[in-house]
Amino acid sequence: MHLYIMKFSTRQIAFAGVLGAITVALGLMPVGGFITIPPISVTTMHIPTILAGIFEGPAVGGVVGAIFGAFSFWRAQTSVNPLDKLIFSNPLIAFVPRILIGVVSHYVFALIRGKKGEPVLLGCTTLVVGYTVYTAAASLSPAMRWALAVVVGAAALFGVKSLYQRLGHGPALAAVAGTLTNTVLVLSLCVAFGYLPGKVAAVVAITNGVPEAAVAMVLTGLVYRSTRSLLRTGPNGPKSR
């Protein structure tokens, strides 16, 4: 164990400690880790894990994710919500999706940062927005739903392009990928273990998962833009957006 820890640099250990502490602090604050606008409840506790993966690599991202998972497991033991207690008392659900947030975020950032990520990010945004609108407009006829989805998706394409150019495509894609990794894995495991019906999990994914990814994208991009010049101090530091 001692030899394994020594493989991390002092900077990486400090980075993991600080972002792990921020994760716990967000969870302990009454509203720090969640943005609630009924019926939507969006968590921001996973953002430090995304940033750890982006700035310091998959191992540090995984460590911060493990801290997030440990906090989720601990909080489940004291939760007054029986469903939260049931779900996150399962170590597989509490730890695995959280650890993979940082790992996935790092590799997505490394593969699709800079200009080459622009068409991917814009395409994904258009599809997600269009699909969300199509699903939400269930009371309309199929033709009206498709027309509304196309119009809103196209508007989103033009509306967010300048925002992505300011925030950077790499951090934005990493944030979306890390958030969806957590959402999809947690809900899939809940269905696999019989904690939630598949239809309920799908509704939760659309209602909370999409806004959560959007919030993570913006906050991650802002933090990355404001700190990258301070943290880029070596061959392993981020080299582009």
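Karplus-derived 3J(HN,Hα) values for the range 147-154, using 6.51 cos²θ - 1.76 cosθ + 1.60 with θ = phi - 60°, are 5, 5, 5, 5, 5, 5, x, 5 Hz; glycine and proline are entered as x. Here the Karplus relation 6.51 cos²θ - 1.76 cosθ + 1.60, evaluated at θ = phi - 60°, turns the backbone of the range 51-67 into coupling constants of 5, 4, x, 5, 7, 10, x, x, 5, 5, x, x, 5, 5, x, 5, 5 Hz, with x for every Gly and Pro. Amide H contacts of PHE193: none lie under 5 Å away among residues 5 or more positions distant or on a separate chain (H built 1.01 Å from N in the peptide plane; Pro and chain starts excluded). Per-residue packing, averaged as other Cβ atoms within 10 Å, sorts the ranges 207-218, 46-57, 78-89 into the order 46-57, 207-218, 78-89, beginning with the highest.
Here the Karplus curve 6.51 cos²θ - 1.76 cosθ + 1.60, taken at θ = phi - 60°, turns the phi angles of the range 194-210 into couplings of x, 7, 9, x, x, 5, 5, 4, 5, 5, 4, 4, 6, 5, 9, x, 5 Hz, with x standing for Gly and Pro.
Volume per residue for the range 51-103 equals 56 cubic angstrom (convex hull of Cα atoms).
Where a number appears in this text, it was derived from the coordinates with a stated rule and is not lab data. Just so we're clear, the structure is a prediction, and the values are computed from it rather than from any experiment. All Cβ positions, glycine included, derive from the backbone under ideal geometry; neighbour counts span all protein chains shown.
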